[in-house]
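What follows is a short report on a single structure.
What follows is calculated from the coordinates using simple rules that are stated; it is not laboratory data. Given the structure is predicted, the values throughout are model-derived calculations rather than measurements. We place every Cβ from the backbone using ideal geometry, glycine too, and count neighbours over all the protein chains shown.
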Amino acid sequence: MSYLALARKYRPRRFGEVTTQEHVSETLRRAVVGGRVGHAYLFCGPRGVGKTTLARVLAMALNCPRRSDDGEPCGECDDCTPVWAGRTSLDVVEIDAASNRGVDDARELRERAMYAPSDEGRHKVYILDEAHMLTREAWNALLKILEEPPPRVIFVFATTEARKIQQSASPILSRCQRFDFRRIGTSDIVARLATVLGSEGISSEPAALLAIARKANGGMRDGLSLLDQVLALCSGVVTADAALRVLGVVADERYVELLEIIGDREHGRVFDFVERLTDEGHDLVEFYHGLTRRLRLLLRISLGPDNVPEGISEEAREPMARLAGEFSPGDLVRMLAMCSEIESQGSLMRTGRPRLLIEMLLLRMSYLDRTVGLEELLKALGGAHDPGESALGRPPAAEPKPGGAKAGAIAGPGRGSVRRTGGGPARRDRIRGGGGRGPAEAPGEADPGGATGARIGAAAAAESERQRRLREAIEAEPRLESAVAELDLEVVGR
């Protein structure tokens, strides 16, 4: 007998076995028990989260002769087994809408649906996968039968792109009950992988399962498929090293090394680091996503022990906790903003040279001046408590300059510098009290009653509130205004 992939071998047979989608499975199970099953359903969500599986379980529950009182199918009888395996059945028809998408296919489906089920008391269930691939004409051909279907006929449409159905066939939405499926959490995927390995009699390292679950990105089917790949390499034990080799995932130690390079401002080592990544064959886009996860974790750790997510091993937590002391939350927020800037522009996915983008991103981070808290800045301007040392770790300034700020109170470029801007007088005017918006930028002029005007108005109100708080801070502490004017600093509001 040929090998059966884990994703197929361990496909759920009952509502209660479907992970994370309880809001869907419980609703459908109760509908079966109460005899309130709708005539058309639309299942929306990412790939590999259980849309087709739940459609099959629903079909099994409707026609299973050994169905339990709580609505669960047995999953093992002659009626359930073909449906679970995806084989042809008289009363359950599964159609790939990606290859049967035309109006003629829809008309044929409509004609077949007019025939009664094979036996009294049974239901005919039509499952259309990748339903967003149907043409507008095909949807129009199905409108009438979806509005007034024959008795005991049920349609289930599964799609990963519901917005395409909204654009091409919005009347369909009012004729279906829509369920939105969620991505499956990493911890749930790890638990399921451990259960599968236990059934297979194979042991594993927790770090290996965690790496597979992260790579799956919320899809259980992807996680089981990746586990199949890793098992092909391993013999008896699924190790973290084997998982990292098969998945092409960058090890945590490499991210720690990179963050140390950034923290120590060793700009030249950035090129060597990226060179080694490419020589080892790592996907730089995957590396980028791993970097954003580590920066986010580092930010949560730096905000306090209560913010550390569960499921992080002590081995992984220790180096990150050590690095958290090297970066302020402001530094990490700005580094994450740099990452989100690349992602929002889509340049990393479009470019044929991701290496250059990654190198420039890491260099920008390594050249990033440290964010200094307001209290630390004021201490530096007024002198530290210790007469022999200022708040930024430098000797106290000798004489104040005419503008009011003390020369030497602010460190130069490097680890202890203050964030500067090139704004000049215009920037200082904005800090003092205006926001600096000219008449041409007045919010809402182009579209005063529309959504654009509302968004601009909300943004303007938020900016006005920020400027008010900055003015109050400057009025309460005149030395802050002197520092802004003299050193051309940017005040970052909280």
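Taking θ as phi - 60° and the Karplus parameters 6.51, -1.76 and 1.60, the scalar couplings of segment 184-200 work out to 8, x, 4, 5, 5, 5, 4, 4, 5, 4, 5, 5, 5, 5, x, 5, 7 Hz in sequence order, x denoting glycine and proline. Which shape class applies to segment 53-131: rounded if a/c is under 1.5, otherwise prolate when a/b exceeds b/c and oblate if not, where a ≥ b ≥ c are the square roots of the Cα gyration tensor eigenvalues? In terms of gyration-tensor shape, prolate.
Taken as Cα centroids, segment 211-261 and segment 84-132 sit 39 Å apart, rounded to the nearest whole angstrom. Its alpha carbons give segment 252-366 an Rg and a Dmax of 14.0, 41 Å. Using the Karplus relation 6.51 cos²θ - 1.76 cosθ + 1.60 with θ = phi - 60°, the per-residue 3J(HN,Hα) values for segment 67-79 come to 4, 6, 5, 8, x, 8, x, 6, x, 10, 6, 5, 7 Hz, with x marking Gly and Pro.
Computed from point charges on the beta carbon alone (+1 for Lys and Arg, -1 for Asp and Glu), the dipole magnitude for segment 252-366 about its Cα centre is near 500 Debye. Put simply, the amide H of residue 92, placed in the peptide plane, has neighbours under 5 Å in 125, leaving out anything fewer than 5 places away on its chain. A simple charge model with +1 on the Cβ of Lys and Arg, -1 on the Cβ of Asp and Glu and nothing else charged puts the dipole of segment 186-247 at about 140 debye relative to its Cα centre. When the GluC sites (Glu not before Pro) in segment 1-79 are filtered for DSSP coil states and for at most 14 other beta-carbon atoms within 10 Å of their beta-carbon, the remaining sites are 76. Charge tally for residue 207 (other residues, Cβ to Cβ under 10 Å; Lys, Arg +1; Asp, Glu -1): -4.
If you take all other residues with their beta carbon under 15 Å from the beta carbon of residue 105, and give Lys and Arg +1 and Asp and Glu -1, the sum is -3.
Electrostatic tally near residue 260: other residues with Cβ closer than 9 Å to its Cβ, Lys and Arg +1, Asp and Glu -1, net -4. With contacts taken as Cα pairs under 8 Å at a separation of at least 6 residues, segment 252-366 carries a relative contact order of 40 percent.
In this structure the amide hydrogen of residue 238, modeled in the peptide plane, comes within under 5 Å of the amide hydrogens of 203, 204, 205, none closer than 5 places in sequence on its chain.
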